[in-house]
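Asker: Take a look at the following structure, please.
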Amino acid sequence: MLRQIDWFPLWLSLKVAVIATAISLAGGLLLAYVLARRRFRGRNILDAVVTLPVVLPPTVLGYYLLVLLGRSTPLGRAFEAVFGFPLVFTWQAAVVAATIHSVPLLVKSARAAFESVDRNMENAARTLGASEWRIFFRVTLPLARRSIMAATIFAFARALGDFGVTIMIAGNIPGKTQTMAVAIYDAVESGNTLLANAMVLVISAVAIAILYGMNRLEGDRLF
């Protein structure tokens, strides 16, 4: 049965998840730190907007992205002008979908991690003349690293298994945009339950291996 599996969806899913997690980590840590450490007008609105993808149905979120990033929209035209091809129904659109769904999870977990850091440690660094950026990278981030690592793992797993938003804006094009979750759905819809079972076992094994490997890398349980 393994010989009958088209491995492209798995490789695409892994590529999409890695890129989406990297984007989520870069932007999510900044958002989490701002929400945890800064008080400003509109903070609760920003928090609500960041959390919105968690509570919206995937099809609704996918529709919003189609309206926002479609070929006839300003953002869609700008993307096509820069890269020479439309964004929707490409694997890059799958990255956008996975990122949108993984960012809220990372931000929420990282924010809680930053809020749990002892501020006395940060204040001590300030009295020694450390800049805010130095405090962040040398004090706050190391103290919160375990929780952030756990959040990153969860964000990766969420990106790896995204389905609803991906199928809305990236579609189901074999050999081009078909991720593992979409391929499993396609196999079930076509009545090929043996293939669907095999792919489910493969993606489950990959997820377990990733979580186990990260736990071993940390030298202790993250959770």
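The values are calculated or read from the model by the stated rules, or taken from the named source; none is laboratory data. Since this is a predicted model, take the numbers as computed values, not measurements. Ideal geometry is used to build each Cβ from the backbone, glycine not excepted, and the neighbour counts take in all protein chains shown.
Asker: Considering segment 36-45 alone, what residues qualify as being part of a helix (DSSP H, G or I) and at pLDDT below 90?
Answerer: Scanning segment 36-45 gives A36, R37, R43, N44.
Asker: Follow-up. Just the residues that are among the aliphatic types (A, V, I, L, M), over 18 Å from L65 (Cα atoms) and buried (at least 20 other Cβ atoms within 10 Å of the Cβ), please, taken from segment 154-180.
Answerer: Scanning segment 154-180 gives A155, L160, M180.
Asker: Same structure, new question: Scanning segment 1-35 for residues that are of a type in the set (V, I, T) and assigned to a helix (DSSP H, G or I), which turns out surrounded by the most Cβ atoms within 10 Å (Cβ to Cβ)?
Answerer: V16
Asker: Just the residues that are at pLDDT 90 or above and of a type in the set (A, V, I, L, M, F, W, C), please, taken from segment 9-19.
Answerer: W11, L12, L14, V16, A17, V18, I19 - these are the residues of segment 9-19 that are at pLDDT 90 or above and of a type in the set (A, V, I, L, M, F, W, C).
Asker: Any residue that is surrounded by 13 or more Cβ atoms within 10 Å (Cβ to Cβ) and within 26 Å of S204 (Cα to Cα) - is there at least one of those in segment 73-88?
Answerer: Looking through segment 73-88, none of the residues is surrounded by 13 or more Cβ atoms within 10 Å (Cβ to Cβ) and within 26 Å of S204 (Cα to Cα).
Asker: Can we say V60 is assigned to a helix (DSSP H, G or I) and either without any contact (Cβ under 8 Å) to a residue 60 or more places away in the chain or farther than 22 Å from L160 by Cβ (or both)?
Answerer: Yes.
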